[in-house]
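Enquirer: First the structure, then my questions, so here it is.
The values are calculated or read from the model by the stated rules, or taken from the named source; none is laboratory data. Just so it is clear, the model here is predicted, and its values are computed rather than measured. Backbone-built Cβ (ideal geometry, glycine too); neighbour counts: all protein chains shown.
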Amino acid sequence: MWGGDLDGFRPLASISTEPTNTMSDFLTVSREAHDQLVIAAYKSRGFTDEEASLGTKLAAEAARHGIRTHHALKALHLDHLFGSATGGCVPGAEIEVLNSRFPASEIWNANKKLGQAVAYRAIDRAIELADQYGIAQIAVDNSFHYLWGGGYVMEAAERGYFAYTNCTSTLAEVVPFGGKFPTLGTNPHSWGIPSKDANGFPIVMDWATSTVAMGRVQALKREGKQLPPGAAVDKNGQPTTDPNEVAALLPFGGHKGYGMSLLNEIFGGLIGGSLPTIRGRRTEDKEEKTTTVFYFHVIHPEALSGRNFAKGRTQIENLKAVLDDILGHGNDSAMLPGQIEAKARKASDEAGGLHFTPAEIAEFNELASELGVAELVGK
């Protein structure tokens, strides 16, 4: 079966500023060829044209922005292990919008629909509501993991809106601060800031609440590299840097990362998610739920403006002045969140395609062979 290295595979949440390769490690693949292959893979599993297109869009944008842990290989592995092949994701499922007495808030039952299709629709709807009410939130119950949260808030930011999302990850694989058993997801937080006119690209803060994402573990395992110290433990609870020995992850920043991961579980519990330790797993209890939960929050920039900026500056001019001050005073080596992704995006666009390692291209081509479609060619 395609994927080979699936034993012990666990899904992840997002971490976006941890490059482990130089550009010389990558080959460029045509985005059109990539998209055709990934769409074919999704459709072969029963997903609709829209679901396949949106799943592929998120995967391609992740690769375009240098997100090594959230591109199509990860997405398709995740679906194979926990999604359409096992009942955790239902191709063609319809979203049910539940009644709410709050006009700027919606609650959705995703009915196990593909998370990427749900998330893109949620961002679109939240923007519609924010245009009307200044602020909007959408809580999504009963869905399947949406992969790279940064992609959704970045899209909103590029359209001129502040956006935030969090989700509960598919499996509990992070040990709580002071504990020894994994009871938390890698639960990501993602913020997008419409700052392009101030600094040239949208500021995007997007990270897993574990020291590294489990997708990074899988990438390092594939590439024969080691983890940084303090990121993971083995089956005996002992620290390890060997990706082949990882049994669980550790929260970043000790109690601080633990608190941020806990926040996702609290959102999940209030929206409708059940126990973290059974999420993504099979259960014989028909009254239980094992699905993930999403939360989206979008703000129109006018809803934040006090309209009284120093020296007569506009809102965006004031933001630029603030950012320039932060990065000034000799802080020449400092950078803004999203800067690495913007650089990767520029490199991808200038190369005319998406960047993958030879090992990744080989894995894509195993899938192409199974599907009977054209293989990817790296240049």
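Enquirer: Please work out which one of (1) touching an Asp or Glu at 6+ places or on another chain (Cβ under 8 Å); (2) among the small types (Gly, Ala, Ser); (3) surrounded by fewer than 20 Cβ atoms within 10 Å (Cβ to Cβ) is the condition residue 110 fails and give its number.
Expert: If we test residue 110 against (1) touching an Asp or Glu at 6+ places or on another chain (Cβ under 8 Å); (2) among the small types (Gly, Ala, Ser); (3) surrounded by fewer than 20 Cβ atoms within 10 Å (Cβ to Cβ), just (3) comes out false.
Enquirer: Looking only at the stretch 61-90, which residues are of a type in the set (A, V, I, L, M, F, W, C), over 17 Å from residue 216 (Cβ atoms) and surrounded by 22 or more Cβ atoms within 10 Å (Cβ to Cβ)?
Expert: Residues of the stretch 61-90 of a type in the set (A, V, I, L, M, F, W, C): 62-63, 67, 72-73, 75-76, 78, 81-82, 85, 89-90.
After this cut, where a residue has to be over 17 Å from residue 216 (Cβ atoms) as well, the list is 76, 81-82, 85, 89-90.
Passing the criteria: 76, 82, 89.
Enquirer: What are the residues in the stretch 186-197 that are among the aliphatic types (A, V, I, L, M) and surrounded by fewer than 21 Cβ atoms within 10 Å (Cβ to Cβ), if any?
Expert: Across the stretch 186-197, there are no qualifying residues.
Enquirer: Still on this structure, I have one more. Pick out, from the stretch 260-379, the helices (runs of 4 or more DSSP H) lying fully within it that include 3 or more residues that are among the aliphatic types (A, V, I, L, M) and without any contact (Cβ under 8 Å) to a residue 24 or more places away in the chain. Show your work before the answer.
Expert: Details: elements: 315-327, 339-351, 358-371.
Answer list for the stretch 260-379: 315-327.
Enquirer: Report yes if some residue within the stretch 255-266 is within 23 Å of the chain's Cα centre (by Cα), of a type in the set (Phe, Trp, Tyr) and farther than 27 Å from residue 113 by Cα; otherwise report no.
Expert: First pass over the stretch 255-266, keeping only residues within 23 Å of the chain's Cα centre (by Cα): 255-266.
In the following step, the residues that additionally are of a type in the set (Phe, Trp, Tyr) were identified as 258.
Subsequent filtering for residues that are farther than 27 Å from residue 113 by Cα retains 258.
Checked the stretch 255-266: at least one residue is within 23 Å of the chain's Cα centre (by Cα), of a type in the set (Phe, Trp, Tyr) and farther than 27 Å from residue 113 by Cα.
Enquirer: Further question: If a residue must be within 20 Å of residue 300 (Cβ to Cβ) and either free of Cβ contacts under 8 Å to residues at least 24 places away in the same chain or surrounded by fewer than 19 Cβ atoms within 10 Å (Cβ to Cβ) (or both), how many such residues does the stretch 96-107 contain?
Expert: 5
Enquirer: For residue 244, indicate whether it is free of Cβ contacts under 8 Å to residues at least 24 places away in the same chain, in a loop (DSSP other than H, G, I, E, B) and at negative phi. Give the steps one after another, and end with the answer.
Expert: On the way: free of Cβ contacts under 8 Å to residues at least 24 places away in the same chain: yes; in a loop (DSSP other than H, G, I, E, B): no; at negative phi: yes.
For residue 244, the condition - free of Cβ contacts under 8 Å to residues at least 24 places away in the same chain, in a loop (DSSP other than H, G, I, E, B) and at negative phi - is not met.
Enquirer: Could you please find all residues in the stretch 59-90 being under 20 Å from the mean Cα position of the chain (by Cα), over 30 Å from residue 202 (Cα atoms) and not aliphatic (A, V, I, L, M)?
Expert: 80, 82, 83, 84, 88, 89
Enquirer: Going through the stretch 277-305 one residue at a time, which ones are of a type in the set (Gly, Ala, Ser) and over 21 Å from residue 172 (Cα atoms)? Break it down into steps so the answer makes sense when it comes.
Expert: Step one: of the stretch 277-305, the residues of a type in the set (Gly, Ala, Ser) are 280, 303, 305.
If the condition is that a residue be of a type in the set (Gly, Ala, Ser) and over 21 Å from residue 172 (Cα atoms), then 303, 305 are the ones that fit.
Enquirer: Mind counting the residues in the stretch 172-186 that are charged (D, E, K, R) and over 23 Å from the mean Cα position of the chain (by Cα)?
Expert: Pass one, the stretch 172-186, residues charged (D, E, K, R): 173, 180.
Still in the list and also over 23 Å from the mean Cα position of the chain (by Cα): 180.
The total comes to 1.
Enquirer: Has the stretch 221-240 got at least one residue that is among the basic types (Lys, Arg) and buried (at least 16 other Cβ atoms within 10 Å of the Cβ)?
Expert: If we filter the stretch 221-240 for residues that are among the basic types (Lys, Arg), which is where we start, we get 221-222, 225, 235.
Keeping just the survivors that are buried (at least 16 other Cβ atoms within 10 Å of the Cβ) gives 221-222.
Checked against the condition, which is being among the basic types (Lys, Arg) and buried (at least 16 other Cβ atoms within 10 Å of the Cβ), the stretch 221-240 yields at least one hit.
Enquirer: Let me ask something else. Would you check which residues across the stretch 21-46 are surrounded by fewer than 23 Cβ atoms within 10 Å (Cβ to Cβ), in contact with a Gly (Cβ under 7 Å, 6 or more places away or on another chain) and assigned to a helix (DSSP H, G or I) and list them?
Expert: 31 - this is the single residue of the stretch 21-46 that is surrounded by fewer than 23 Cβ atoms within 10 Å (Cβ to Cβ), in contact with a Gly (Cβ under 7 Å, 6 or more places away or on another chain) and assigned to a helix (DSSP H, G or I).
Enquirer: Here's a follow-up. Given the condition part of a loop (DSSP other than H, G, I, E, B) and either at pLDDT 95 or above or under 22 Å from residue 142 (Cα atoms) (or both), answer yes or no: does some residue in the stretch 47-62 qualify?
Expert: Restricting attention to the stretch 47-62, the residues satisfying the condition of being part of a loop (DSSP other than H, G, I, E, B) are 47-48.
Cutting the leftovers down to either at pLDDT 95 or above or under 22 Å from residue 142 (Cα atoms) (or both) gives us 47-48.
Within the stretch 47-62 (the criterion being part of a loop (DSSP other than H, G, I, E, B) and either at pLDDT 95 or above or under 22 Å from residue 142 (Cα atoms) (or both)), the answer is yes, since at least one residue qualifies.
Enquirer: What are the pairs with Cβ atoms under 6 angstrom where one residue, in the stretch 70-88, is closer than 19 Å to residue 371 by Cα and the other, located anywhere, is charged (D, E, K, R) and outside any helix (DSSP H, G or I)? Sequence gap at least six, or different chains.
Expert: Filtered contacts from the stretch 70-88: 84/45.
Enquirer: Can I ask one more? Being crowded, with 23+ Cβ neighbours inside 10 Å, closer than 30 Å to residue 73 by Cα and of a type in the set (Gly, Ala, Ser) is the filter here; which residues of the stretch 123-156 pass it?
Expert: Residues satisfying the conditions are 126, 143, 149, 150, 151, 156.
Enquirer: Those residues that are touching a Leu at 6+ places or on another chain (Cβ under 6 Å) and closer than 28 Å to residue 25 by Cα, I need them from the stretch 176-219; list them, please.
Expert: 186, 203, 210, 211, 213, 214, 215
Enquirer: Would the stretch 115-132 turn up any residue that is part of a loop (DSSP other than H, G, I, E, B), modelled with pLDDT of 95 or more and either touching a His at 6+ places or on another chain (Cβ under 8 Å) or not aromatic (Phe, Trp, Tyr) (or both)? Steps first, answer last, please.
Expert: At the first step, the residues of the stretch 115-132 found to be part of a loop (DSSP other than H, G, I, E, B) are none.
No - not one qualifying residue is present in the stretch 115-132.
Enquirer: May I ask you to list the residues in the stretch 133-153 that are over 26 Å from residue 68 (Cα atoms) and part of a helix (DSSP H, G or I)?
Expert: Correct list: 133 only.
Enquirer: Being among the small types (Gly, Ala, Ser) and not in a helix (DSSP H, G or I) is the filter here; which residues of the stretch 191-223 pass it? Write out each step before concluding.
Expert: Kept after step one, since they are among the small types (Gly, Ala, Ser), are these residues of the stretch 191-223: 192, 195, 198, 200, 208, 210, 213, 215, 219.
Correct list: 192, 195, 200, 208, 210, 213.
Enquirer: Quick one: residue 344 ticks every box in (1) within 30 Å of residue 133 (Cα to Cα); (2) in contact with a Pro (Cβ under 9 Å, 6 or more places away or on another chain) bar one, so which box is it?
Expert: Only one criterion in (1) within 30 Å of residue 133 (Cα to Cα); (2) in contact with a Pro (Cβ under 9 Å, 6 or more places away or on another chain) is unmet by residue 344, namely (1).
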